[in-house]
1. Yes or no: residue B:97 surrounded by fewer than 21 Cβ atoms within 10 Å (Cβ to Cβ) and assigned to a helix (DSSP H, G or I)?
2. Has segment A:23-45 got at least one residue that is farther than 30 Å from residue B:60 by Cα, modelled with pLDDT of 95 or more and touching a strand residue (DSSP E or B) at 6+ places or on another chain (Cβ under 9 Å)?
3. Which residues, counting only those in segment A:120-141, are surrounded by 15 or more Cβ atoms within 10 Å (Cβ to Cβ) and in a loop (DSSP other than H, G, I, E, B)?
4. Given segment A:1-61, what strands (runs of 3 or more DSSP E) lie entirely inside it while holding 2 or more residues that are within 10 Å of another protein chain (Cβ to nearest Cβ), under 24 Å from the mean Cα position of the chain (by Cα) and within 30 Å of residue A:180 (Cα to Cα)?
5. Suppose we keep only residues that are touching a residue at least 24 places away in the same chain (Cβ under 8 Å) and surrounded by 22 or more Cβ atoms within 10 Å (Cβ to Cβ) within segment A:102-114. Which one would you say is nearest to residue B:112 (Cα to Cα)?
6. Within segment A:159-178, work out how many residues are surrounded by fewer than 19 Cβ atoms within 10 Å (Cβ to Cβ), in contact with a helix residue (DSSP H, G or I) (Cβ under 7 Å, 6 or more places away or on another chain) and in a helix (DSSP H, G or I).
7. Quick check on this structure: which one of B:142, B:91, B:135, B:69 is in contact with a strand residue (DSSP E or B) (Cβ under 6 Å, 6 or more places away or on another chain) and on the phi > 0 side of the Ramachandran plot?
8. For residue B:117, only one of the following conditions fails: (1) surrounded by fewer than 19 Cβ atoms within 10 Å (Cβ to Cβ); (2) touching a strand residue (DSSP E or B) at 6+ places or on another chain (Cβ under 8 Å); (3) more than 8 Å from chain A (Cβ to nearest Cβ). What is its number?
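The values are calculated or read from the model by the stated rules, or taken from the named source; none is laboratory data. Here the structure is a predicted model, which means the values were calculated and not measured. Here the Cβ positions follow ideal geometry from the backbone for every residue, glycine too, while neighbour counts run over all protein chains shown.
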């Protein structure tokens with residue numbers, strides 16, 4: 001069975017400012033059904049950094065997240081700025097700003113999406129090896145971020161219990177640890 | 001460093017219908033900075049099913065996804081309906097509807113989120129073991145879904161190359177395969 005592509009026959013902006021862009025599209029499916037409205041969110045490209053220290057720890061960040069209603073552990077990272085063409089460089093910048101660390105080596109592990117049904121932006125996974133403290137954090141206004149450096153074994157043990165609550169971060173961590181040769185599966 | 005919780009001091013609906021609810025909240029951070037608007041999306045609870053056959057294959061679905069611009073491989077699953085209180089039962093229902101398969105055993109592996117910064121809904125990961133064909137698909141209007149049953153080894157080998165493009169699905173697959181004793185990390 002071959003799935004035929006949909007065709008977009010219209011789009012209109014529902015709400016747009018510097019933080020969010022919600023569109024209502026009209027799509028016609030492969031079998032001719034009209035889906036209107038089909039909502040799309042135009043988020044910027046995102047980069048997540050899986051950073052490992054020389055003594056087998058992972059550099060994580062904790063910040064308050066309204067959807068979780070708590071301060072939770074996440075991967076450092078953030079938006080690829082509009083002028084940035086290299087997601088690895090964007091990851092390096094975000095990692096240093098948020099954690100006050102730098103790494104000896106950065107490389108792209110995978111390019112995924114966080115919501116292919118309703119968003120076209122990609123999620124770039126960067127592996128940073130040889131991470132060590134390099135200076136102070138440089139946070140955006142409103143950001144309050146605690147840096148927590150956990151043994152990789154503790155991260156792996158905690159994944160099933162929700163230590164890292166963002167499902168996409170779980171995938172990024174495991175793909176990057178495999179790329180680093182730290183785990184096999 | 002302890003991250004202080006934020007307080008929500010206001011909320012207003014930007015756009016709401018049966019498919020999407022975009023809110024603009026006002027939040028005050030732990031250090032007193034006012035973030036207004038902070039956008040939140042009220043999506044329903046989601047369940048993803050990692051289904052394994054007796055001959056070590058995974059039951060996946062392929063459908064067109066506008067954000068990817070292509071028909072992509074994903075986990076079966078979908079929304080937990082408003083009247084459903086058990087995400088495992090919802091996963092069982094979605095799995096059977098989308099794939100025309102049933103499984104001998106279903107259990108909850110993990111409860112994650114897909115976007116804790118901007119959405120409060122959870123993403124329930126269900127492991128289904130002993131999956132076999134059971135009948136016809138029962139699809140919603142507009143759904144066109146191909147069922148593809150791949151060797152687990154092929155899924156694992158393809159993850160880094162984007163075989164499964166949704167980052168949250170990658171995390172769900174790996175947590176479920178570990179829960180099933182199929183991989184260790």
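1. On the way: surrounded by fewer than 21 Cβ atoms within 10 Å (Cβ to Cβ): yes; assigned to a helix (DSSP H, G or I): yes.
Yes; evaluated as a whole, the condition is true for this residue.
2. Here is the first cut: in segment A:23-45, the residues farther than 30 Å from residue B:60 by Cα are none.
Taking every residue of segment A:23-45 in turn, none turns out to be farther than 30 Å from residue B:60 by Cα, modelled with pLDDT of 95 or more and touching a strand residue (DSSP E or B) at 6+ places or on another chain (Cβ under 9 Å).
3. Taking segment A:120-141 and keeping what is surrounded by 15 or more Cβ atoms within 10 Å (Cβ to Cβ), we get A:120-129, A:131, A:137.
Within segment A:120-141, A:120, A:121, A:131, A:137 qualify.
4. Details: elements: A:7-16, A:21-28, A:34-41, A:46-52.
Once the strands (runs of 3 or more DSSP E) in segment A:1-61 are filtered for at least 2 residues that are within 10 Å of another protein chain (Cβ to nearest Cβ), under 24 Å from the mean Cα position of the chain (by Cα) and within 30 Å of residue A:180 (Cα to Cα), what remains is A:46-52.
5. Checking each candidate, the answer is A:114.
6. So the first thing to find is which residues in segment A:159-178 are surrounded by fewer than 19 Cβ atoms within 10 Å (Cβ to Cβ), and the list is A:160-163.
Keeping just the survivors that are in contact with a helix residue (DSSP H, G or I) (Cβ under 7 Å, 6 or more places away or on another chain) gives A:160, A:163.
Checking which are in a helix (DSSP H, G or I) leaves us with A:160.
Residues meeting the conditions: 1.
7. Working: B:91 fails: on the phi > 0 side of the Ramachandran plot; B:135 fails: in contact with a strand residue (DSSP E or B) (Cβ under 6 Å, 6 or more places away or on another chain); B:69 fails: in contact with a strand residue (DSSP E or B) (Cβ under 6 Å, 6 or more places away or on another chain).
From the options B:142, B:91, B:135, B:69, the qualifying one is B:142.
8. In the conditions (1) surrounded by fewer than 19 Cβ atoms within 10 Å (Cβ to Cβ); (2) touching a strand residue (DSSP E or B) at 6+ places or on another chain (Cβ under 8 Å); (3) more than 8 Å from chain A (Cβ to nearest Cβ), residue B:117 misses (3) alone.
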